[in-house]
Each structure stands twice: as C-alpha cells, then as structure tokens.
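This report concerns only the one structure given below.
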C-alpha cells in the first residue's frame with residue numbers, strides 16, 4: 001500500500017508562513033477547494049473528496065493519531081459521480097462527518113506542503129512526503145522535521161488526528177452529550 005509521512009500543525013497565520021514557503025518552493029501554489037465526507041470505517045478512515053470541478057476521489061487511509069511525523073497508508077480511486085457515490089456509501093456505512101477546506105499546495109523537494117483554511121477550525125500547515133523510490137521512511141521523517149523547523153513550527157502546534165477529529169471535539173465542547 002502506498003505510504004506518506006505526514007505531519008500537521010495549527011498555525012496562527014498562513015500569511016506569515018507564505019514568504020518562507022515561497023522562498024523554499026519548487027512549485028505552486030495550486031489552489032483547490034475540497035469537500036471531504038467521512039464514512040464509518042472500523043480499521044482506518046474512509047472519505048470521499050469532492051473538488052470544485054465535479055470529480056471526486058474515494059480515499060481509504062490508516063495512520064496513528066499521534067503527534068509528529070507519522071506514516072499514513074492509503075489507497076484511492078477516482079470517480080466522475082461523487083454525489084451518487086456519497087449517497088451509496090452513506091447508506092451502506094453511515095456518514096460520520098464532513099470537512100470543507102481551501103487548500104494551497106506547494107512542492108518543496110520531495111514534500112507536498114498544504115496551507116489549509118478549514119471551515120469551522122482555522123488555519124493549518126500539513127506536510128506530506130512519499131516514502132518509496134526517492135526517500136525511505138527515516139529520510140522522509142527527517143525531511144518533514146527539517147521543513148517544520150524552517151517554518152518555525154513549535155511542538156505544541158502539532159495536531160494528532162484528522163480535521164474531522166478536531167471538528168468533533170469542538171462540537172462536543174459546544175454541545176456536550178448527556
């Protein structure tokens with residue numbers, strides 16, 4: 001299964017990071033709107049990502065909910081009928097949440113750097129580095145840590161889980177279940 005090393009951090013201002021990212025970037029930014037619908041999945045996460053142009057990608061991934069760089073194992077499949085697929089998956093597995101974001105994607109060496117504005121949460125930086133032919137696991141982790149250091153990201157800004165987890169935690173605090 002393909003593997004990325006991923007790390008995510010909450011940031012106070014994407015605008016302050018932008019000059020540093022642009023100075024290091026090999027390419028980008030590419031701007032994309034993403035609407036992710038998550039479905040019940042007992043051994044990882046299953047989400048349908050829909051883009052503004054109407055196409056979608058069904059993505060299954062598994063990764064530990066821990067701080068710092070971590071492996072994420074994933075597979076995906078494109079679809080030209082994401083609304084129909086969302087309906088089928090919701091009926092079959094149950095929809096557990098939705099995350100909407102605006103993402104700017106930069107390429108820095110082997111890393112894809114995402115600047116995310118997540119509806120209801122704020123601004124985040126995410127770094128993904130593919131493990132494989134160019135970089136092994138340890139080198140990808142080192143590269144992720146190096147990039148975070150370049151951006152001045154402190155450990156307390158790191159995020160353990162997915163945006164969906166953060167949204168659920170925020171909803172629970174606002175509307176505690178009795």
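All of the numbers you see were taken from the coordinates with simple rules; none came from a lab. Predicted model only: the values in this text are computed from it and were never measured. All Cβ positions, glycine included, derive from the backbone under ideal geometry; neighbour counts span all protein chains shown.
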Length released on extending from residue 91 to residue 32, taking residue separation times 0.36 nm less the Cα-Cα span: 18.5 nm
Mean shadow area of segment 13-68, taken as a quarter of the surface of its Cα convex hull (nm²): 6.0
Using a 10 Å cut-off on Cβ atoms, rank the peptides 22-33, 55-66 from the highest mean neighbour count down. 55-66, 22-33
Length gained if residue 165 through residue 51 is fully extended, taking 0.36 nm per residue and subtracting the Cα-Cα distance, is 38.9 nm
Per the Debye formula with a single identical scatterer at each Cα and no solvent contribution, what log10 I(q)/I(0) holds for the chain at q = 0.20 Å⁻¹? -1.56
In deg cm²/dmol, rounded to 500, what helix-only [θ] at 222 nm does the chain give when every DSSP H run of at least 4 residues adds -39500 (n - 2.57) and the total is split over its residues? -9000 deg cm²/dmol
Let me test this: with uniform point scatterers at the alpha carbons of segment 59-110, what is the Debye-based log₁₀ I(q)/I(0) at q = 0.25 1/Å? -1.25
